[in-house]
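This report concerns only the one structure given below.
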Amino acid sequence: MAANIDWEDIAVGEEMIYVAETGNNGNARRDLGVYVIPEPNPRAVARTRALKFIPFRYPEQEHFPAKQWHYDSEAMFVFDGTLYFLTKHRQPGEISAWEPGTNLYRLDTMRPDKFNTLTPVDSHQDVSLVTAADLSPDGEHLAILCYTNLWVFERPGEGDKWLSAPARMIPLQPGKTKQAEAVTWADKDTLIIGNEESELFRVKLADMSD
């Protein structure tokens, strides 16, 4: 059984589907983690079950709720077989009052029987209100969707500091895209954005400025 308390993002890697149980609006949850599901054949089965749940925690969080509300994540992606998470920041005590910036974390261990501590990797003060992320099919670009803009970062020359790599950005029109919450790649040159009204928008990588 996979309980949906606040599922946020889905990623696929090595024939596994990862479901992020990482929504943490009040920054008080102690049960964050990821469901791991063997990718089913939709032509053969109508439903499946989770193989395991991987609990994790943020290394800096000592209080619940936290003193800094920087421990909500709506964005997850797979890079080199490893899961990564991007955070969304709020003003303490204010669900709908935001702070700038995002932090990138890596999940280095996947033990189902104990908390796995995330590893801090990188941060960016201009990338804010992150709602989704996805790695391009060729692994060369990371798309990060925010409420008001879309970022695409180039693959780092070495390591995994994606937020320190060269990037391009395109502003979104909230009146048109509304509450955009999902992003994926149609191919290595085309992105698809989805909102909560089930509307889809295509963005060409060539149309984004450096």
Report, in deg cm²/dmol and to the nearest 500, the calculated mean residue ellipticity at 222 nm for the chain, where each DSSP H run with n ≥ 4 adds -39500 (n - 2.57) and the sum is divided by the residue count. -500 deg cm²/dmol
Quick one: which residues, 5 or more positions from residue 99 or on another chain, have an amide H under 5 Å from its amide H? H modelled 1.01 Å from N in the peptide plane, none for Pro or chain starts. 89, 90, 91
Gap separating the Cα centres of the stretch 34-98 and the stretch 143-210, nearest whole Å: 19 Å
Percent accessible area from carbon and sulfur atoms, the chain, protein chains only, probe 1.4 Å: 48 percent
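Where the only charges are on Cβ atoms (+1 Lys, Arg; -1 Asp, Glu), what is the dipole of the stretch 5-132 about its Cα centre, to the nearest 20 debye? It would help to have the intermediate numbers written out before the result.
Values: 13 positive and 19 negative charges, 94 e Å.
Dipole of the stretch 5-132, to the nearest 20 debye: 460 debye.
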Loop only by DSSP, 11 or fewer other Cβ within 10 Å of the Cβ. Give me the trypsin sites (Lys or Arg not before Pro) in the stretch 17-52 that pass, ordered by residue number. 30, 43, 47, 49
Viscosity 0.890 mPa s, temperature 25 °C: give me the Stokes-Einstein translational D for the stretch 100-210 in µm²/s, with Rh taken as the Kirkwood radius over C-alpha pairs. 166 µm²/s
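Share of antiparallel DSSP beta bridges in the chain, in percent to the nearest 5?
On the way: 59 of 61 bridges.
Once the DSSP bridges in the chain are tallied, antiparallel ones form about 95 percent.
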Output needed: percent of Cα pairs per 5 Å distance bin for the stretch 88-161, bins running from 0 to the one holding the longest distance. 3, 13, 20, 21, 19, 14, 9, 2, 0
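What accessible area per residue, rounded to a whole number of Å², is obtained for the stretch 23-91 using a probe radius of 1.4 Å? Intermediate values should be presented prior to the final figure.
Values: 3480 Å² over 69 residues.
Heavy-atom accessible area per residue stands at 50 Å².
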Residues with amide H under 5 Å of residue 75's amide H, sequence separation 5 or more or different chain, H placed in the peptide plane at 1.01 Å from N; which? 86
Taking a straight Cα-to-Cα line shorter than 15 Å from residue 52, and setting aside same-chain aspartates and glutamates fewer than 8 residues away, one finds 15, 21, 31, 39, 113
Lysine pair count for the stretch 87-205 [Cα-Cα under 23 Å; pairs on different chains or 8 or more apart]: 7
Considering the dipole of the stretch 25-94 built from charges on the beta carbon (Lys and Arg +1, Asp and Glu -1) around the Cα centre, which of 75, 53, 89 is farthest to its positive end? 53
So how long is each side of the chain along the principal axes, counting just the alpha-carbon atoms, biggest first, in Å? 47, 46, 39
Accessible-area ranking of 140, 74, largest first, probe 1.4 Å: 140, 74
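The values are calculated or read from the model by the stated rules, or taken from the named source; none is laboratory data. The model shown is predicted, which means the values in this text are computed figures rather than measured ones. For neighbour counting, all protein chains shown are included, and Cβ atoms are generated from backbone atoms with ideal geometry for every residue, glycine included. Note: areas computed on protein heavy atoms with side chains; ligands, DNA, RNA excluded. Shrake-Rupley method; radii C 1.70, N 1.55, O 1.52, S 1.80 Å.
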